[in-house]
Every structure is written in C-alpha cells, then in structure tokens.
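Notes to accompany the following structure.
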Amino acid sequence: MIRANGLSVSYGAVQALRDVTFTAETGTITAVLGANGAGKTTLLRTISGLVTPRSGTVSLDETTLTGERPEDIVRRGVGHVPEGRGVIAEFTVEENLRLGAMISPMSLRDGLNQQYEWFPVLGERRKQAAATLSGGERQMLAMARALIAQPTVLLLDEPSLGLAPLVTAQLMHTVSELCTTTGLTVILVEQNAKSALRIASRAVVLYLGRVVADDTAAVVAQDDQLRQYYLGMVKQ
Ligand SMILES: Nc1ncnc2c1ncn2[C@@H]1O[C@H](COP(=O)(O)OP(=O)(O)O)[C@@H](O)[C@H]1O
Ligand SMILES: [Mg+2]
C-alpha cells in the first residue's frame, strides 16, 4: 500500500498540491484524475522524490519514502513512467530496456523475455530505434522499461495522451492484467477519465491541487457533478 499524507507542494508562489491525502491499496489501480494544471504530475513527482513537499509525507507499506533520493525510491520498488514517455529515441527498444534492467534483481535475459511476453510487439521491434515506434508502442516501451526493474508500485503519467481510443483500450487492458496477475499497485494519472475509470478500483479527483473526490471508481464514474465540473465529461 502506498499512501500520501497531507502533501503540500509549492513552486515559488504557485501552490500545486494542497494537503493531498489518499491511499493506493496493494494490487489495485487508483486513478488520479483532473484537468490540466490540477497537480497530477506534481503528485507523481513528489511520490518518486523528484519534488520535495513543503509538508506531508509519502509512505510505502510501513516505511516513509519522503526525504529519500529518487534513485533510492526506485530501488524501493517504485517505478515512474513520466509524462511524454521519456524513452531514448536514438536507442533501440532493447537498449532502452537494458537501462531499466540495471537495477533489476532478475537476469537481463529473463527480464527481457518477461517484458516481451507482456508486450509482444516490443519483442518484434527489439532492434528498432525507439524513434521509429508508434505512440502506443513507445508508451509500451516506457512501461516495460519501468517494469523490467521489478517494481511493486507503478506510477503512470497520462499513458493515453495522444493515442487512438483502440490503442488506449489495449494499453489499459494490459495494465489491468498486470495488476491482477502480478499484484502490482498502480497509480494511474489521466485527464482521460473515462478509460482510466474503466480499469481503476478507486479514483481520486484533483482540482487546483486539492482532493475534491476520493471514492470507488464506480461512484466517481456515476457522479454527474464531478463528471461535468472536474472531469470535463459530457453527460450521456
Ligand atoms: N516546474 C514548475 N515550476 C512552476 N510551476 C509549475 C511547475 N510544474 C508545474 N507547475 C504548476 O503547478 C500546477 C500543477 O501542475 P502539474 O502538476 O503539471 O498539473 P497536471 O499534471 O495536473 O497538469 C500548475 O499550475 C503548473 O503550472
Ligand atoms: Mg501532468
């Protein structure tokens, strides 16, 4: 279980997070939703130690992560797939995966095979430069690069951004399968509330850095006010 407890973050005069508290249960998907600028990326960057909160803490099971260096937080089992994917375009698929495997407890060969099983298209394209991949394949590579380190928690920042609905649906399906078969805990940040709510068990909605809803995904998906004001979803 990973928990944010009263997190507040400021960038100079801009307060990006205000007293954010929520729990992501082990082996489940927690969606973090909200409009552009709501503080979603800041929340993930705070969890992975890239941003230092002004107050509040992040804990993983019984231990506190806040104050640890980002590289130590990765070693503690928290993988972060950043917004924009962050793969190295000039490197091949396999070279990108090797980078992720450097801190893996598994052999490189086993790690690669495992990722090629989850994402068969990456196996087919393993000698190709990441620059030549489609958007969806690049997102898979970014995820596989984090997963090859064998994290117990995966932070995903807007994986569906710029992807076609069908590609997004496939990706979400894989994330869901990963959780149910490996017990991975996922914090899924999305502006695309609809596809995230389909696979999440809980949803936290941020608005101007505050938590305005923290409930089951089913309840959030049915709440017209939330949908309209905070999630930009049109009534159907
Ligand atoms: N490095 C930064 N310096 C100054 N302000 C920032 C920085 N990163 C984000 N912000 C501001 O913090 C707020 C939250 O941003 P962000 O966490 O990126 O939101 P989201 O991911 O939900 O779009 C916004 O007002 C944004 O402009
Ligand atoms: Mg963002």
Among what's in the range 165-206 and is β-branched (V, I, T) and part of a helix (DSSP H, G or I), pick the residue that is nearest to the chain's Cα centre (by Cα). V175
Test set (1) in a loop (DSSP other than H, G, I, E, B); (2) crowded, with 16+ Cβ neighbours inside 10 Å - A31 fails condition number: (1)
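Among the candidates R75, R85, which residue alone is over 24 Å from S160 (Cα atoms) and either within 16 Å of ligand 2 (Cβ to nearest atom) or out of contact with any helix residue (DSSP H, G or I) (no Cβ under 6 Å at 6 or more places or on another chain) (or both)?
Values: R85 fails: over 24 Å from S160 (Cα atoms).
That would be R75, the only listed residue that is over 24 Å from S160 (Cα atoms) and either within 16 Å of ligand 2 (Cβ to nearest atom) or out of contact with any helix residue (DSSP H, G or I) (no Cβ under 6 Å at 6 or more places or on another chain) (or both).
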Scan the range 172-200 residue by residue and report those that are within 16 Å of ligand 2 (Cβ to nearest atom), touching a residue at least 40 places away in the same chain (Cβ under 8 Å) and among the polar types (S, T, N, Q). Q191
Scanning the range 5-39 residue by residue, those in contact with a helix residue (DSSP H, G or I) (Cβ under 7 Å, 6 or more places away or on another chain) and either near ligand 1 (Cβ under 10 Å from one of its atoms) or of a type in the set (A, V, I, L, M, F, W, C) (or both) turn out to be L7, V9, A16, L17, V20, I29, A31, V32, L33, G34
Within the range 3-12, is there a residue that is over 23 Å from A217 (Cβ atoms) and within 16 Å of ligand 2 (Cβ to nearest atom)? yes
Within the range 40-52, of all residues that are surrounded by fewer than 23 Cβ atoms within 10 Å (Cβ to Cβ) and of a type outside the set (S, T, N, Q), the one farthest from ligand 1 (Cβ to nearest atom) is G49
If you scan the range 13-44, which residues turn out to be within 16 Å of ligand 2 (Cβ to nearest atom) and without any contact (Cβ under 8 Å) to a residue 24 or more places away in the chain? V14
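Each value in this text was obtained by applying a stated rule to the coordinates, not by laboratory testing. Note that the structure is a prediction, hence the values are computed from the model and not measured. Virtual Cβ from ideal backbone geometry, glycine too; neighbours counted across all protein chains shown.
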